[in-house]
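In what follows, a structure is listed as structure tokens, so that the remarks can point back to it.
The values are calculated or read from the model by the stated rules, or taken from the named source; none is laboratory data. Just so we're clear, the structure is a prediction, and the values are computed from it rather than from any experiment. No Cβ is skipped: glycine too gets one built from the backbone with ideal geometry, and neighbour counts run over all protein chains shown. Protein only, heavy atoms only, side chains kept; ligands, DNA and RNA dropped before computing areas. Shrake-Rupley method; radii C 1.70, N 1.55, O 1.52, S 1.80 Å.
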Amino acid sequence: MPPARGALQRAALKQESPLAVDVVKIEIKSVADASGLAEFIASGRFSADQVVAVIGKTEGNGGVNDFTRILSDQAFRKVLLDHGTRDAAAIKKIPMVWSGGCDGVITPHATIFARNAETGPARETRLVMGTALSPQIMPEDIGRPAMVEKVAEGVRLAMKDAGITDPRDVHYVQTKTPLLTIETIQDAHARGHDVFCEVHDSMGVSNGTTGLGIAVALGEISMPRAEEICKNLDLYSAVASCSSGVELDCAQIVLFGNKAGAGGRYRIGHAVMKDALDMDGIYDAIRNAGLDLPERPRASDLKGRVVNCFMKCEADRTGKLRGRRQIMLDDSDVHHHRHSKGAVGGVAAAAIGDPAVFVSVDAMHQGPQGGGPVIAIVEMN
């Protein structure tokens, strides 16, 4: 069951100032491994009670039946339960976003976010995060303006929780939203409503509609017309990373940005990859986060200061890449999601010199068609 919406919304409204965020990336060594998290807690880097979010890649197939996400979720929550003072109900409310499928060279890993009481000089901007839940999203809302509006409302709550007032300071919004099932479609019909699409299309539609809600909340676009949703792909958010599942009836939102005086050693930035080969887009995100790079950077220029990069991607619907024919959308054996994830994962790993990169698919309204948002978290001096 998802956490109660009211609890997170009250938390968003109660918080008056942001807390510094510590960030570490750990390798997942086997399908149910969370030893890296336990090791950081034992080292004193942060306590179990300070962990507030986890975003990770697991080694399964990335589909609806990908059990590796469940195994990782259980393993990481158990470590927090065993090493901290929070009870199981409180730990269950911690946002953990697991993206299945480590196609190509992508390494299974998790990025851990912990909050502490550190403060910094007012002139220095550093990483902050906020969480919220949107109002309930009904099955008939998915793919329609009502869902765009509800997601936008949740994003504004998450901004408040992070202590961010200027949308330009937001660089990453990770969401999980509901999709359709046979049962929810039947529920909508019983109440006299129809739905936007069938079950098998609802994951992409939910992700895309959520991307538009993020873009509206942050002023990237105006409120779209109903006929533009999942149709006009020129409308997108440059900071959205959206996923969906059957376990929610609202949008779970984790938002990251920079704020003066927040403390900590980390900054976040974003850009877009224009297509699957756009390595420059990755370096642009790293520059936007605050690292100075040469005009033609290489992985060695990063000097180990990139904690992780997070990106969305999907096959270009034109079936072309820089004018060359692609077969991703024609392959009956391997889904195009796996083609694109493996390709972009390879480009990203080469760019930063580390195959532990977060690459997720189903990127409708998240970055330009055939490309996608790329977000970088870096350690400052």
For the range 26-64, give me the residue count where each residue is open to solvent by less than 40 Å² (accessible area, probe 1.4 Å) and either of a type in the set (Phe, Trp, Tyr) or closer than 30 Å to HIS339 by Cα (or both).
15
Can ILE214 be described as open to solvent by less than 10 Å² (accessible area, probe 1.4 Å) and in contact (Cβ under 8 Å) with a residue 24 or more places away in the chain?
yes
Return the pairs, sorted by first residue and then second, in which the second residue is polar (S, T, N, Q) and open to solvent by 20 Å² or more (accessible area, probe 1.4 Å), the first residue lies in the range 277-299 and is within 18 Å of ARG168 (Cβ to Cβ) and at pLDDT 95 or above, the beta carbons are less than 9 Å apart, and the residues are 6+ apart or on different chains.
GLY290/THR125
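Listed here are the residues, each with its yes/no results for (1) farther than 23 Å from CYS250 by Cα; (2) surrounded by fewer than 20 Cβ atoms within 10 Å (Cβ to Cβ); (3) in contact with a Lys or Arg (Cβ under 7 Å, 6 or more places away or on another chain); (4) free of Cβ contacts under 8 Å to residues at least 40 places away in the same chain.
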| residue | (1), (2), (3), (4) |
| --- | --- |
| VAL97 | no, no, yes, no |
| GLY101 | yes, no, yes, no |
| VAL105 | yes, yes, no, no |
| THR131 | no, no, no, no |
| ILE142 | no, no, no, no |
| VAL155 | no, no, no, no |
Note on the range 65-92: residues surrounded by fewer than 17 Cβ atoms within 10 Å (Cβ to Cβ) and either modelled with pLDDT under 95 or closer than 20 Å to THR175 by Cα (or both) are ASN65, PHE67, ILE70, GLN74, ALA90, LYS92
Residues in the range 323-365 that are touching a residue at least 40 places away in the same chain (Cβ under 8 Å) and polar (S, T, N, Q): how many?
2
Residues ILE182, ILE229: which one is open to solvent by less than 70 Å² (accessible area, probe 1.4 Å) and of a type in the set (Val, Ile, Thr)?
ILE229
From (1) modelled with pLDDT of 95 or more; (2) open to solvent by 10 Å² or more (accessible area, probe 1.4 Å); (3) within 23 Å of TYR266 (Cβ to Cβ); (4) of a type outside the set (A, V, I, L, M), pick out the condition that doesn't hold for ASN381.
(1)
Can you tell me which of (1) of a type in the set (D, E, K, R); (2) more than 24 Å from VAL148 (Cα to Cα); (3) open to solvent by less than 60 Å² (accessible area, probe 1.4 Å) is the one ARG338 doesn't meet?
(3)
Here the residues within the range 200-244 that are outside any helix (DSSP H, G or I) and within 21 Å of GLY130 (Cα to Cα) are LEU218, GLY219, GLU220, SER237, ALA238, VAL239, ALA240, SER241, CYS242, SER243, SER244
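Can you say whether SER332 is surrounded by fewer than 15 Cβ atoms within 10 Å (Cβ to Cβ) and assigned to a loop (DSSP other than H, G, I, E, B), as far as the supplied structure shows?
Working: surrounded by fewer than 15 Cβ atoms within 10 Å (Cβ to Cβ): yes; assigned to a loop (DSSP other than H, G, I, E, B): yes.
Against the criterion (surrounded by fewer than 15 Cβ atoms within 10 Å (Cβ to Cβ) and assigned to a loop (DSSP other than H, G, I, E, B)), SER332 qualifies.
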